[in-house]
Structure formats: C-alpha cells, structure tokens
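Every read-out reported here was derived from the displayed coordinates using simple, explicitly stated rules and does not represent laboratory data. What you see is a predicted model; the values in this text were computed from it and never measured. Cβ placement follows ideal geometry from the backbone for every residue including glycine, while neighbour counts extend to all protein chains displayed.
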Amino acid sequence: MSEPAKFLNSFAQSLATMSLYGNGHPQRERTIDAAYDSLLLLQENDPRPRFSFLGQDVIYGEMALRELGDWGWGARLANAGVQRLEFERGTSRDEFEVFLEEVLARLTLQAVDSASRSPERRSTIKFGAIGVKGSDDQVRPVESVVVPTASISYSLNDEADAVRWLHDEVQVRGELPLMEAESVVRSLSLAMHGDKNIVIPLLQLKEFDQYTTTHSLNVSVLTMALAEWVGMGAKDVRAFGVAGLLHDLGKVRIPKEVLTKPGKLSDDEWKIMRQHPVDGAKIIYESDRDLDLAAAVAYEHHIMINGQGYPARRFERGVHSASKLVHVCDVYDALRTKRPYRDAWESERVLKHIEEGAGPDFDAEAATAFCAMMRQWERRVAVVDETQPVVAPEDAA
C-alpha cells in the first residue's frame, strides 16, 4: 500500500478510535501518535501533501488512489465539508490532534470548544470544501455537500465551487488539477442522467464576474448532450465534456477589469482577450500531455469553419470534431446569458442565428444536430440555481 493510502487509513483509524475513547485514554493517544507519525513519514517525500474527496474518488495531488476505491471515509469527510485537505510542513502533534477533534466534531455534528484554542496560532493544516483555499483557526459551519446520485433533484453548488477552485489553482500555482476536472464532468453526467430521460441542467448566472465559471459548466453539459445526441459512446462523451469544461481556461490570465468590463473593449483589450485560446491550450498541454483533445479545443473553439475567427492560422486546415461541437455550444450559452451591455436572447432566436451561420461560421452538421437536439429536448432543459435543488420536467421525452 502506498504511503498516502497508509496515512489516510491511519487518519481514519484515529477518528474511529477518538469517537470511542475520551481525552487521555492510552488507546486514543496511540492511534493519534500512529497517524501523526504516518503524516511525518509521508512528508519526507512530499512536504505538502494534498488530498481531495469527491464522491467515490480519493485524490492525492493529481493522482487518484485506486487502492482506496471502496474507502467509505472519503464520502463521509466530503459530507462533513472536508472535500479538500492539505498539510504544510511543520505541523505539530498538538495541532494535528486539535484538527482531528475538529473533523470528528463535523462528522458527529457536535459543537467544538474553541475557548481552549490559541487564537494566535497559525494553522498549517488547510481544509474545507472545494473552492475554499483553506481554513483559518475558526471551525466553519458544517455545510451540506451533495454527493451525485441517480436523482432528478440536484444542485450544482459543488460543481461550481470546484470549477472556481480549479481556476484559482491555475492562477496561483500554474497547475491544472485534472482529476478534479474529470470528477466535475462525471458529476455533471450523473445529474444529466438521473431521470429516465436525459436532463440538460444549465446554471443561471448570478454575478457577471462569475461568468467564466457558469459558462464553463454550461458548455460542458451542452457538449456532452450534443455528443450523446450524435451517437458517441460514454467515454468520448466525457472526453468532450472535459474539453467543454476547459475550453475557456486561458481566461484565468486575462485581467479581471478586462474580462468583466461591461462596455465595449478597446483594440488593446481585444488583443488581450483574443490571447486566451493560445494561453488555455498551453496551460492544458503543459499540465497533461494526455489532454491533447482538450488543448486542441481550447485553441480552436473561436475558429470559424471558413477560417476566420481567432487565433489566425498560417496554414488552412480543419478543426477537430470536438471543437466544432464546443463552438456551437459556446455561442449558444453566450447569447442566452444576460450581459451588462445586452439582454439574453431567447432560445429560438439563438437557434435561428446558429442555423443562419451554418457553413461559414459553424460546422453544418454540428449546427443542424444542435438545433434539432435543443428543439426536441427543449422541455428537458432545467435552469439551475447553483445553490437550490431543481426537479426536471417529468413529461418530456
């Protein structure tokens, strides 16, 4: 068993033992010592170990711990608001024990006595939900974490938080957390297939500065729906979903004042904006060479079929089939979203725009398939508030 897996098992054993024995009991102290020693051993090779618990996935850094595929503690921790866990070097034995007590309190829904804790102490242990950069010395309220299930009642709160956290990781660390991106797509796929008929959950934009998060999730959902509509297998559908989720990743390098500007962009600002396909492709490709499909889509999603658009190409060549699908879904969601400088278009108006652009702008087959899908599945579209569960229509085919 790997050292990360050994630590997590020891970590879980200490929590189980602490739930049975009070402070000072020898058995309690032994299991805490064992877990702490396991942490120190892990930090000999990894000074800052990071774990994520997403559904049934246990992720160490960027690697899924397949040996813990049936480890029930991951879901328990996630449901207690501990989806992300990170240890910095220098964690003391006392600090580790206090942290275990906080986690145990979350698991058992007990109040934590913070009076005995030093407010001056800076924690070296960061934990919380995906999207939260870490914990201070305050215990966060236990939040409800939705574990994806086969149900038509759901929210996209966790998925939105995960995408925001993913974008922050790229900005701060320059790293793309691939496993979390794939987990978001799996979660979206489960939400889409929770009913006997497919559901298309589209997140409603609340604040314009969250547009990139909302748009990324919506394009991923629309792309998977379209890929399924044209007859692709489940593996390809998810691969296209990851490409849709990451298509605008390069926007993390655009200054916020440009990205969220409510008015018309200047020529210089447009130059900055038009760089995001190249930046996104570089980020993805440099993070994981196996993501060449997603990198290609990030690069190509603003290129029109007639060769116009951006970035400009030196040599005429076609674009990937995934880019053709993402391009249609990208434009649809963008026009259906209210902006500071214009109202959202009605769905039928957008579909007519796509039909008119088939050939010069959009791939004709992709445009035709998308419009047919949206018209036939119109009643299967669920506009989702990120924090509120939504029940999809029951009578749509």
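Can you put Val242, Val331 in order, fewest other beta carbons within 10 Å first?
Numbers: Val242 24, Val331 21.
In increasing order of surrounding Cβ atoms, one gets Val331, Val242.
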Unit charges at the beta carbon, dipole of the stretch 153-391: most positive-side option, His353, His193, Ala382
His353
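Is the shape of the stretch 153-391 best called rounded, prolate or oblate, per the rule: a/c under 1.5 gives rounded, else a/b larger than b/c gives prolate, else oblate, with a ≥ b ≥ c the square roots of the Cα gyration tensor eigenvalues?
It is rounded, given that a/c, with a ≥ b ≥ c, falls under 1.5.
Per-residue counts of other Cβ atoms within 10 Å, averaged by peptide: what ranking do you get for 305-312, 318-325, 342-349, highest first?
Working: 305-312: 13.8, 318-325: 21.9, 342-349: 12.2.
The peptides rank, most packed first, as 318-325, 305-312, 342-349.
Can you pick out the pairs among Lys126/Lys251; Lys126/Lys324; Lys126/Lys338 whose Cα atoms lie more than 29 Å from each other? Before the final figure, lay out the partial values.
Working: Lys126/Lys251 27 Å; Lys126/Lys324 41 Å; Lys126/Lys338 36 Å.
Beyond 29 Å between Cα atoms: Lys126/Lys324; Lys126/Lys338.
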Ranked from fewest to most other Cβ atoms within 10 Å of their own Cβ, Arg84, Arg339 fall in the order Arg339, Arg84
Scaled by the rule-of-thumb 2.2 N^0.38 Å, the alpha carbon Rg for the stretch 214-315 gives a ratio of 1.14
Global size of the stretch 3-128 as Cα Rg and Dmax, reported in angstrom
13.9, 40
Residue span Asn306 to Asn23: 0.36 nm per residue of separation minus Cα-Cα distance leaves a gain in nm of 94.7 nm
Could you rank the peptides 63-72, 355-364, 293-302 by their average count of other C-beta atoms within 10 Å per residue, with the highest value first?
293-302, 355-364, 63-72
So, R0 is 30 Å and r is the distance between the beta-carbons of Glu169 and Asp268; what FRET efficiency does that work out to, to 0.05?
0.60
Arranged from highest to lowest average of other beta-carbon atoms within 10 Å per residue, in what order do the peptides 370-381, 6-17, 175-186 appear?
175-186, 6-17, 370-381
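Would you mind getting me the FRET efficiency between Ala5 and Arg48? Use the beta-carbon distance for r and R0 = 22 Å, nearest 0.05.
Numbers: r = 18 Å, r/R0 = 0.81.
FRET efficiency, Ala5 to Arg48: 0.80.
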